[in-house]
Amino acid sequence: MKTVRILKIAALALPLTLAVASCGSHRKAVKETPTVVSPDTLKKQAFLQKVNDNAQHARFITSKVKFSVEVGARQMTLTGNLKMKRDDVIRLQLMAFGFVEAGRLEFTKEYVLIMDRINKLYMKVPYAQMDFLRNSQIDFYVLQSLFWNELFQPGKMKVTDEALKTYSTDMGSDDAIISMESGKLSYRWLADKANHRVKMANILYNDRFRGNYQLNWDYEDFQQNNRKYFPMEHKISFSTPEKEVKLGMTLNYMGADENWETRTEVSSKYRQVSVEEILQRFMSL
């Protein structure tokens, strides 16, 4: 009886064993087809890598700046200071009459701070509480890349080599258009083919119900800084369905001052308000 039972088990198991063996043999017989990358794709990837490698290696960038704001028919020009510490903070101090600090903009990984020094008003909120920044996936690292004239990858500290493969590149005669899509968002960069420098960055949030929101950042007048080149002139425009704000920032020089406090303490004498109210106050100076 035991012999008969063993034979029955063997008879049932044999087909399964053969099937497994057959699958294993088939897998061994099938060779993986190597991925063929075209010369054009390799050329584009090499170009993207050079653009990404053009990023500044400085830890600090500081300068006196000329700052302009235009909202509709209203215009304002101020002098000020730009102070940036890599992966930590971006600060703009705006001066009225050349010697009085009228306002301050401070961006850290945790918050956005806007201060009206003259009227003692401020706004301090996380990025998620500002509609355009949230919808456009703009956090501190994206802003840092915009200020520092670099490519960026939303949600990441920096663009990885693997992520570069997901960007599209259209090589023109003098410039290349680098692009990336993410849902309602489109990101574009215009890069100089000869020098591998980002000349323009654009973020478009397409909302067919509420209208489009767009940020455009142009870079001009590149000067050498630690063997890299940095734009001394920045032209920024931000448009919503209701308004358009134009900003201009011109650096006087390239400094690397480290002797400054990287966080602003807001006095209890200041009153917290909305960004719209602060902007209106600035434009009335």
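The values are calculated or read from the model by the stated rules, or taken from the named source; none is laboratory data. Keep in mind the model is a prediction, meaning the values are calculated, not measured. Here the Cβ positions follow ideal geometry from the backbone for every residue, glycine too, while neighbour counts run over all protein chains shown. These area figures cover heavy atoms from the full protein model, side chains too; ligands, DNA and RNA do not enter into them. Shrake-Rupley method; radii C 1.70, N 1.55, O 1.52, S 1.80 Å.
Details
- Top-ranked residue in region 166-181 [being under 15 Å from Pro154 (Cα atoms) and in a strand (DSSP E or B); ranked as most open to solvent (accessible area, probe 1.4 Å)]: Glu181
- Residue ID - surrounded by the most Cβ atoms within 10 Å (Cβ to Cβ), chosen from residues in region 220-241 that are of a type in the set (D, E, K, R) and at positive phi: Asp221
- Only residues that are out of contact with any helix residue (DSSP H, G or I) (no Cβ under 8 Å at 6 or more places or on another chain) and open to solvent by 10 Å² or more (accessible area, probe 1.4 Å) were counted across region 111-132, and they come to 8.
- When region 220-241 is filtered for residues that are part of a loop (DSSP other than H, G, I, E, B) and either over 22 Å from Gly72 (Cβ atoms) or free of Cβ contacts under 8 Å to residues at least 12 places away in the same chain (or both), the ones remaining, listed by number, are Asn226, Arg227.
- Residue-level analysis places Ser274 outside the set of residues that are farther than 22 Å from Ile90 by Cβ and exposed (fewer than 15 other Cβ atoms within 10 Å of the Cβ).
- Any chance Val245 is farther than 21 Å from Leu146 by Cα, of a type in the set (A, V, I, L, M) and either out of contact with any helix residue (DSSP H, G or I) (no Cβ under 6 Å at 6 or more places or on another chain) or not in a strand (DSSP E or B) (or both): no
- Residue ID - farthest from Asp116 (Cα to Cα), chosen from residues in region 58-96 that are open to solvent by 10 Å² or more (accessible area, probe 1.4 Å) and free of Cβ contacts under 8 Å to residues at least 24 places away in the same chain: Ala73
- Failed condition for Lys193, given (1) modelled with pLDDT of 90 or more; (2) farther than 20 Å from Lys50 by Cβ: (2)
- Residue within region 182-189 that is closer than 30 Å to Thr62 by Cβ and open to solvent by less than 40 Å² (accessible area, probe 1.4 Å) present: yes
- Filter pass, Glu258 being at pLDDT below 90 and either surrounded by 13 or more Cβ atoms within 10 Å (Cβ to Cβ) or farther than 12 Å from Met115 by Cβ (or both): no
- Filtered residue count, region 133-165, keeping only those that are part of a loop (DSSP other than H, G, I, E, B), hydroxyl-bearing (Ser, Thr, Tyr) and either over 21 Å from Ser239 (Cβ atoms) or in contact with a helix residue (DSSP H, G or I) (Cβ under 7 Å, 6 or more places away or on another chain) (or both): 1
- Of the listed requirements (1) more than 17 Å from Lys64 (Cα to Cα); (2) without any contact (Cβ under 8 Å) to a residue 60 or more places away in the chain; (3) among the aromatic types (Phe, Trp, Tyr), Tyr213 misses just one: (2).
- Residue satisfying all of: in region 204-219; closer than 13 Å to Gly183 by Cβ and either in a strand (DSSP E or B) or open to solvent by less than 30 Å² (accessible area, probe 1.4 Å) (or both); modelled with the highest pLDDT among these: Leu204
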